[in-house]
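Okay, so here's the structure we're looking at.
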Ligand code: ADP
């Protein structure tokens, strides 16, 4: 069913790439199924790799990395640029694979492919700019030099909500600076990652540098990545809980970690905001990917003077959303990833309603299918409700009412998370005050969409470590070496 839909069916592979070898399901003792969340249909059967295969991939990466690091930045850049071009040229097919395994609307999937490619392009450019430093010597006969070198083999574990982009923005900087990467995509969405590996091979990437391991035993893969001393860094995007596990596991060998974890983004609308712009920002920040992004507005704080007007306008827009199969025309909201995700959304809505919230729009599972939920707005929401503290990861906008700037900053910061935040205001002094007071790695002012390859993406507090994208994104994959030249 999947390959029928592709211009280039070879992009959808049912083999796993471990080091130098594409492994078929038949070569592996165990297999697992990938299903389309919109229909429940099985779209691929993949090998469920064992620990031995993970080790093999790490060994291959270890060997390949040595030669890769010796290439010039320009040589590495040429391959990454080719990969970017191939991603763009095959964007339609990559989007089709993505929608089929993950469910998001096809145009949104295509947008993700181009977004993922933009990181590959960016880091292709940055490959040539891994600059060091010279420092005036501390003694007359000394000169000091600082160089940056690749950390080595990097393990990557990625989630299902952006099956292409979350991996692209890890593998691109890693390869750019001369690292090798052994990755494990989420078992729900491995096909997009495998398609990326197919294209990397076509772009001329030497074998062994980029493995895509398919496995349902995430804990085993994570343990091996942390315990194997050939792996020098682990980069993970996913839940804060798993991030904590990996951090503990990595402690034994002082593993370098890049963590992009959960968020609980506040979205604040002040009385002086441009109402239409705020509604538009809320739509994109909340309902994109059916609310399944770590930078999604999770808590909408609306000042009392504008609360009713905002709720009304938002409701008008939300009623226009179309729930359905991501391949159908005009669909804006696809399925949630699995039954557990639907349960969590139901539970959050039920909890809020039981504590006095009102359902302004939606509130129920959708008739479109088992994993669909209606885009929802809750009003009269309070801090006693689960939606105030937990990430919902679904299409539910809880609207909290607030009175003062001080109050809303306190509410917005009252969480262990610190990934993205948003606010709308036209008062320049307030804009500076609030942007500086929000304890978040990213602040969107008068915009609901902040992700771009040119800016540093990442969180503070329990939302993570490190940054992806921008000139800072390179640093996560390099080590600083200081060379002291004496006897001059
Ligand atoms: P989500 O709620 O987005 O599924 P997870 O953190 O559970 O978040 O999943 C993100 C990625 O982490 C997936 O690739 C998943 O397979 C992997 N994962 C889950 N549990 C572990 C674990 N104990 N060790 C390593 N990786 C894990």
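Details
- Just one of the numbered conditions (1) touching a residue at least 24 places away in the same chain (Cβ under 8 Å); (2) in contact with a helix residue (DSSP H, G or I) (Cβ under 7 Å, 6 or more places away or on another chain); (3) outside any helix (DSSP H, G or I) is not true of residue 434: (3).
- Flag if residue 197 is assigned to a helix (DSSP H, G or I), crowded, with 21+ Cβ neighbours inside 10 Å and away from the ligand (no atom under 16 Å from the Cβ): no
Listed here are the residues, each with its yes/no results for (1) closer than 16 Å to residue 445 by Cβ; (2) touching a strand residue (DSSP E or B) at 6+ places or on another chain (Cβ under 7 Å); (3) crowded, with 22+ Cβ neighbours inside 10 Å.
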{"site": "252", "(1), (2), (3)": "no, no, no"}
{"site": "262", "(1), (2), (3)": "no, yes, yes"}
{"site": "269", "(1), (2), (3)": "yes, yes, yes"}
{"site": "283", "(1), (2), (3)": "no, no, no"}
{"site": "295", "(1), (2), (3)": "yes, yes, yes"}
{"site": "301", "(1), (2), (3)": "yes, yes, yes"}
{"site": "306", "(1), (2), (3)": "no, yes, no"}
{"site": "314", "(1), (2), (3)": "no, yes, yes"}
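- Evaluation of residue 352 against the conditions (1) closer than 14 Å to residue 374 by Cα; (2) buried (at least 17 other Cβ atoms within 10 Å of the Cβ); (3) in contact with a strand residue (DSSP E or B) (Cβ under 9 Å, 6 or more places away or on another chain) shows that the sole unmet condition is (1).
- Only a single criterion out of (1) assigned to a loop (DSSP other than H, G, I, E, B); (2) touching a strand residue (DSSP E or B) at 6+ places or on another chain (Cβ under 8 Å); (3) closer than 30 Å to residue 404 by Cα is not satisfied by residue 368, namely (3).
- The residue that is surrounded by the most Cβ atoms within 10 Å (Cβ to Cβ), among those in segment 451-488 that are part of a strand (DSSP E or B) and at positive phi, is 464.
- The set of residues in segment 173-188 being closer than 21 Å to residue 84 by Cβ and either within 16 Å of the ligand (Cβ to nearest atom) or surrounded by fewer than 24 Cβ atoms within 10 Å (Cβ to Cβ) (or both) consists of 181, 183, 185.
- Taking the conditions (1) without any contact (Cβ under 8 Å) to a residue 60 or more places away in the chain; (2) touching a helix residue (DSSP H, G or I) at 6+ places or on another chain (Cβ under 7 Å) in turn, residue 259 satisfies each one other than (1).
- Within segment 401-431, tally of residues that are surrounded by 24 or more Cβ atoms within 10 Å (Cβ to Cβ) and part of a strand (DSSP E or B): 6
- Being buried (at least 24 other Cβ atoms within 10 Å of the Cβ), farther than 24 Å from residue 257 by Cα and within 16 Å of the ligand (Cβ to nearest atom) is a property that does not hold for residue 170.
- Identification of strands (runs of 3 or more DSSP E) wholly contained in segment 209-300 with 2 or more residues that are within 13 Å of the ligand (Cβ to nearest atom) yields 231-237, 256-260.
- Qualifying residue in segment 337-351 (condition: assigned to a loop (DSSP other than H, G, I, E, B) and touching a residue at least 12 places away in the same chain (Cβ under 8 Å)): yes
- The listed residue being farther than 30 Å from residue 41 by Cβ, crowded, with 17+ Cβ neighbours inside 10 Å and without any contact (Cβ under 8 Å) to a residue 60 or more places away in the chain, out of 95, 61, 124: 124
- Condition met for residue 101 (within 15 Å of residue 337 (Cα to Cα) and touching a residue at least 40 places away in the same chain (Cβ under 8 Å)): yes
- Residue match in segment 147-163 (condition: more than 16 Å from the ligand (Cβ to nearest atom) and out of contact with any helix residue (DSSP H, G or I) (no Cβ under 8 Å at 6 or more places or on another chain)): yes
- Per the conditions (1) crowded, with 22+ Cβ neighbours inside 10 Å; (2) within 16 Å of the ligand (Cβ to nearest atom), the sole criterion not satisfied by residue 448 is (2).
A short reminder: the numbers here are calculations on the coordinates, not readings from a lab. Everything quoted here is computed from the prediction, not taken from an experiment. Cβ: placed from backbone, ideal geometry, glycine included. Neighbour counts: every protein chain shown.
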